[in-house]
1. What does the C-alpha gyration tensor say about the overall shape of the stretch 27-82? Classify as rounded when a/c is under 1.5, otherwise prolate if a/b is larger than b/c, or oblate.
2. How large is the helix-only mean residue ellipticity at 222 nm for the chain, computed as the sum of -39500 (n - 2.57) over DSSP H runs with n ≥ 4, divided by its residue count, in deg cm²/dmol to the nearest 500?
3. What's the longest bit of the chain with no exposed trypsin sites (Lys or Arg not before Pro), using DSSP loop states and at most 12 other Cβ atoms within 10 Å as the test?
4. Using +1 on the beta carbon of Lys and Arg, -1 on that of Asp and Glu, and nothing else charged, what's the dipole of the chain about the Cα centre, debye to 20?
5. Towards the positive end of the charge dipole of the chain, with charges on Cβ (+1 Lys, Arg; -1 Asp, Glu), say which of ILE15, ASN27, LEU80 has the farthest Cα.
6. Let me know the volume per residue of the alpha-carbon convex hull for the chain, in Å³.
Amino acid sequence: MKRKPKISKNCGKDIVLCETTNRIVSNRTSDLLLEQSVPFSKNWHRVPIFRRRNYHGANKVCVISINRTQYSHARRVLSLLEERDYNRLQLNVI
């Protein structure tokens, strides 16, 4: 009888680090996270028409997700961003 592979406690527990509607800021953020060796995933989601007011009329939003164990390291890395880019990010606090 084969054993089931053991999975880490934090496997599949990704959390949203930040959101932005600006493509340039999302590219700068992902470049900085790559330079500092922080694993992440970046997805673009469509914003429904009735919620576009919350995103100042943008039709897409970039969502950057990370593993829960990397959250504090990623927040320290984001503090290295320029202030104008940092202000355009919508950070999620856990």
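1. On the way: a/c = 2.57, a/b = 2.16, b/c = 1.19.
The shape class here is prolate.
2. Numbers: 3 runs with 26 residues, N = 94.
Mean residue ellipticity, 222 nm, calculated: -7500 deg cm²/dmol.
3. Numbers: sites that count: LYS2, ARG3, LYS6, LYS9, LYS13, ARG53.
By the stated rule (loop sites, at most 12 other Cβ atoms within 10 Å), 54-94.
4. 700 debye
5. ILE15
6. Numbers: hull volume 12.3 nm³, N = 94.
Per residue, the Cα convex hull of the chain comes to 131 Å³.
Computed from the coordinates by the stated procedures, all read-outs in this text should not be read as laboratory data. Owing to the predicted nature of the structure, the values given are computational and were not obtained by experimental measurement. Ideal geometry is used to build each Cβ from the backbone, glycine not excepted, and the neighbour counts take in all protein chains shown.
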